[in-house]
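Visitor: Take this structure, written in structure tokens, and hold onto it; I'll ask about it next.
The values are calculated or read from the model by the stated rules, or taken from the named source; none is laboratory data. From a predicted model like this one, the values you see are computed outputs, not experimental measurements. Virtual Cβ from ideal backbone geometry, glycine too; neighbours counted across all protein chains shown. Calculation scope for accessible area: heavy atoms of the full protein, side chains included, ligands and nucleic acids excluded. Shrake-Rupley method; radii C 1.70, N 1.55, O 1.52, S 1.80 Å.
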Amino acid sequence: MKSARQGILEKLEKALHEEPAKPDFDTPVYHPIEKPLEIAFKENLEKISGSVHLFSTEKGLFENLKSFLSGFNSETILCNEKELTGKLSEFEILFTSALKLPENIKVGITSCEFLVAHTGSVMVSSSQQGGRQMFVYPPIHIVIAKKEQIVPYLEQAYSGIQEKYRNNLPSQISIITGPSRTADIEKTLILGAHGPKEFHVFIF
């Protein structure tokens, strides 16, 4: 019976005399996205414990957001982006704004740069008014986005942000794919270990 060492050596010897396979540069790297982008994004983010809420109108989104937030004290809901705070006020959604994040914060509401359908990822940047802490500190992170911000693959998101900012790129561009997670301890998956425990994307 061959030892494992002998088997490995024989495979290496055989490989020395075989012509290496030529790389295939024509086959697409990514699988095609056959569903509408918002559906593909929703399915891929929800596979990794995120939540996606799709709406046909802006009004429908903010009415449902108001219902979603009804169980939280307004002092624990933070939003610092001018456009979003205007919409929250318009739809009578109670919240607070603060340059320094309060210790009792429960929910952080932000916009985003792009949504990536292929991986269910959200691209954010330091150019957003809310500040970098809003992406990692609140236990519940809510992103509000428009369908036209959804792109098929990550490369389109990078091209889009380069076109948007040109020679003045943000100092930080981050990709968020689901809530924070780790399985370092006994291979048990823990959500919210180094960031938000819940990640919700509201899209209209």
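Visitor: At a Cα cut-off below 15 Å, give the aspartates and glutamates reachable from LYS100, other chains included and same-chain residues fewer than 8 away excluded.
Guide: Once the sequence-local aspartates and glutamates are set aside, what remains near LYS100 is GLU75, GLU81.
Visitor: Can you tell me which of 5-12, 168-175 comes out highest on packing, and rank the rest after it, using the mean Cβ neighbours within 10 Å? It would help to have the intermediate numbers written out before the result.
Guide: Details: 5-12: 10.0, 168-175: 12.9.
Ranking the peptides 5-12, 168-175 by packing returns 168-175, 5-12.
Visitor: So what is the relative contact order of the chain, in percent, for Cα pairs below 8 Å that sit 6 or more residues apart? Display every interim value, and only then the final one.
Guide: Values: 330 pairs, mean separation 49.7, N = 204.
Relative contact order of the chain: 24 percent.
Visitor: Which of the residue pairs LYS11/LYS47; LYS59/LYS164; LYS22/LYS47; LYS22/LYS146 have a Cα-Cα distance greater than 31 Å in the structure shown?
Guide: On the way: LYS11/LYS47 39 Å; LYS59/LYS164 27 Å; LYS22/LYS47 35 Å; LYS22/LYS146 43 Å.
Where the Cα-Cα span goes over 31 Å, the pairs concerned are LYS11/LYS47; LYS22/LYS47; LYS22/LYS146.
Visitor: OK, next. How big is segment 30-156 along each principal axis, measuring the range of its Cα positions in Å and listing the largest first?
Guide: Taking max minus min along each principal axis of the Cα atoms, segment 30-156 gives 44, 28, 25 Å.
Visitor: Quote the convex hull volume per residue of segment 83-142, based on C-alpha atoms, as a whole number of Å³. List each step's numbers first, then the result.
Guide: Working: hull volume 5.9 nm³, N = 60.
Each residue corresponds to 99 Å³ of Cα convex hull volume.
Visitor: Heavy-atom accessible area per residue, segment 29-103, 1.4 Å probe: how many Å²? Present the calculation step by step, with values, prior to reporting the outcome.
Guide: On the way: 4670 Å² over 75 residues.
With all protein chains present, segment 29-103 gives 62 Å² per residue.
Visitor: Can you work out ³J(HN,Hα) from phi for every residue in segment 126-132, in order, using Karplus 6.51 cos²θ - 1.76 cosθ + 1.60 and θ = phi - 60°, giving whole Hz and x for Gly and Pro?
Guide: Working through the residues one at a time gives 6, 7, 6, 5, x, x, 5 Hz.
Visitor: What are the GluC sites (Glu not before Pro) within segment 68-174 that DSSP puts in a loop, where the Cβ has at most 16 other Cβ atoms within 10 Å?
Guide: Values: sites: GLU75, GLU81, GLU83, GLU90, GLU92, GLU103, GLU113, GLU148, GLU155, GLU163; in loops: GLU81, GLU92, GLU103, GLU113.
Within segment 68-174, the qualifying GluC sites (Glu not before Pro) (loop, at most 16 other Cβ atoms within 10 Å) are GLU92, GLU103.
Visitor: To continue, here is another question. What percentage of the solvent-accessible surface of the chain, computed with a 1.4 Å probe over protein heavy atoms, is contributed by carbon and sulfur atoms? Write out the running numbers ahead of the final one.
Guide: Values: 6780 of 12850 Å².
C and S fraction of accessible area: 53 percent.
Visitor: Also: Take every Cα-Cα distance within segment 15-77, group them into 10 Å bins from 0 onward, and report for each bin the whole-number percent of pairs it holds.
Guide: 15, 24, 24, 13, 11, 6, 6, 0
Visitor: Can you list residues from other chains, or at least 5 along the same chain, whose modelled amide H is less than 5 Å from the amide H of VAL52?
Guide: The list, which skips near neighbours in sequence, is VAL201.
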